[in-house]
1. Suppose we keep only residues that are outside any strand (DSSP E or B) and either among the hydrophobic types (A, V, I, L, M, F, W, C) or not assigned by TED's automatic domain parsing to the domain that holds Pro93 (or both) within region 3-53. Which one would you say is surrounded by the most Cβ atoms within 10 Å (Cβ to Cβ)?
2. Given (1) more than 21 Å from the chain's Cα centre (by Cα); (2) assigned to a strand (DSSP E or B), identify the lone condition not met by Leu66.
3. Quick check on my filter: what residues within region 102-131 are without any contact (Cβ under 8 Å) to a residue 60 or more places away in the chain and farther than 19 Å from Val32 by Cα?
4. Say whether the condition of being touching a Lys or Arg at 6+ places or on another chain (Cβ under 9 Å) and in a helix (DSSP H, G or I) is met by at least one residue in region 161-169.
5. Return the total of residues in region 108-148 being buried (at least 20 other Cβ atoms within 10 Å of the Cβ), at pLDDT below 90 and either assigned to a loop (DSSP other than H, G, I, E, B) or under 16 Å from the mean Cα position of the chain (by Cα) (or both).
6. Kindly establish whether Leu156 is part of a helix (DSSP H, G or I), surrounded by 13 or more Cβ atoms within 10 Å (Cβ to Cβ) and touching an Asp or Glu at 6+ places or on another chain (Cβ under 7 Å).
7. Mind telling me which of the residues Leu66, Leu92 ends up being in contact with a Cys (Cβ under 7 Å, 6 or more places away or on another chain), surrounded by 14 or more Cβ atoms within 10 Å (Cβ to Cβ) and under 25 Å from Ala134 (Cα atoms)?
8. Would it be correct to say that Val151 is assigned to a helix (DSSP H, G or I) and closer than 21 Å to Thr237 by Cβ?
Amino acid sequence: MSILKYSVGIDVSKSDFKANVSSIDTEQSVKVKASRTFVNSASGHAEFAQWVTKNSKDCDVPVHFLMEATGVYHEQLAWFLYKHGHRVSIILPTKAKRYLQSLGHKSKNDRIDAQGLARMCAEQNLPLWKPISAQVYRLRALTRTHEDLQVQRTGLIAKIKSSKYGMYETKKVDRINQKLLNVIETEIEGLEEEIRKAIEEDELLNEKYRIINAVKGLGLMSFAVVVAETNGFALFTNSRQLTSYAGYDVVENQSGSRSGKTRISKRGNYHIRRILNMPALNVVKYEPWFRGFHERIYSSTGMKKKAYTAVQRKLLCLMYTLWTKNEPYNNMQNCRDEIPEAGG
């Protein structure tokens with residue numbers, strides 16, 4: 001029996017990563033060759049590459065690497081492998097979790113995850129990873145810094161307002177807080193201008209922004225954050241994967257005759273959920289289709305928050321549709337997708 005492919009599953013964390021080298025033969029039998037932990041650093045990446053070469057001795061057999069999209073911790077390793085000409089695939093954590101569950105794994109640790117990823121990579125023909133563009137990477141750094149400053153701005157405003165009701169005057173503290181607030185607001189304005197430039201200077205981003213901006217309520221920042229956090233929707237083949245990635249997937253709590261509360265998982269990218277709060281309010285106000293959609297959800301659940309969450313999810317799917325189909329916005333047709341209308 002000859003080996004068809006070597007597969008390397010990698011479970012990445014902030015400080016280190018677990019790796020598993022497996023092989024699959026002509027009879028579709030998957031065998032573990034080696035497992036080891038490496039430091040998540042430049043020296044650790046180089047040592048890892050040598051170790052993989054040592055444990056995949058047949059040079060004529062392809063080697064395929066697979067890892068999960070874990071925030072930013074996997075990025076340097078993925079770039080290292082890509083630059084050295086290796087085949088790399090990156091999948092969403094929910095997809096990896098469901099595969100491990102299908103194997104009957106009841107326990108979970110880094111070693112099991114790495115081995116499961118190696119087996120998944122051996123058995124499946126996964127699409128190759130395309131690195132995030134320099135412009136989108138820049139956009140993500142800008143939008144996340146903008147978000148951090150917005151949080152600080154909100155905190156300072158609250159402190160300045162609350163000090164007015166204190167028992168004693170704190171003029172020195174008030175002056176410092178006001179000065180800090182002025183600086184932060186200036187930096188926020190500068191970041192928004194940089195974000196605008198980043199979009200306008202990129203032909204693809206500028207074209208997509210003109211299409212998506214036609215939705216009344218979706219502005220520059222909501223577009224920038226969603227595109228930056230999804231790498232231009234590169235990891236997704238359908239809108240269900242996208243809503244799961246953003247934490248908008250619906251979790252049911254039902255067994256037999258008992259029916260518990262239905263909610264969204266919130267196990268996903270919170271940057272996306274945070275930025276879509278205000279656009280959801282705006283599209284309900286300005287877009288007739290979304291207003292009717294919100295009213296249907298609200299009338300069936302009696303919960304405004306649930307209705308607005310459903311609007312956020314639908315809005316995210318609309319952005320995905322407009323991006324992938326590259327077609328003008330039509331508020332009656334584009335809004336229909338396969339996501340159920342139940343609130344989260």
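1. Initially, region 3-53 is screened for residues outside any strand (DSSP E or B), giving 13-15, 26-29, 40-53.
Next, only the ones that are either among the hydrophobic types (A, V, I, L, M, F, W, C) or not assigned by TED's automatic domain parsing to the domain that holds Pro93 (or both) stay: 42, 46, 48-49, 51-52.
Working: Ala42: 11, Ala46: 13, Phe48: 23, Ala49: 15, Trp51: 16, Val52: 21.
Within region 3-53, the match that is surrounded by the most Cβ atoms within 10 Å (Cβ to Cβ) is Phe48.
2. (1) is the only condition that Leu66 fails.
3. Result: Lys106, Pro127, Leu128, Trp129, Pro131.
4. So far as region 161-169 goes, no, none of its residues is touching a Lys or Arg at 6+ places or on another chain (Cβ under 9 Å) and in a helix (DSSP H, G or I).
5. Within region 108-148, residues that are buried (at least 20 other Cβ atoms within 10 Å of the Cβ), at pLDDT below 90 and either assigned to a loop (DSSP other than H, G, I, E, B) or under 16 Å from the mean Cα position of the chain (by Cα) (or both) number 2.
6. no
7. Numbers: Leu92 fails: in contact with a Cys (Cβ under 7 Å, 6 or more places away or on another chain).
Only one candidate qualifies: Leu66.
8. For Val151, the condition - assigned to a helix (DSSP H, G or I) and closer than 21 Å to Thr237 by Cβ - is not met.
The values are calculated or read from the model by the stated rules, or taken from the named source; none is laboratory data. Keep in mind that this is a model prediction, so the values were computed, not measured. Glycine gets a Cβ as well: all are built from the backbone with ideal geometry, and neighbour counts include every protein chain shown.
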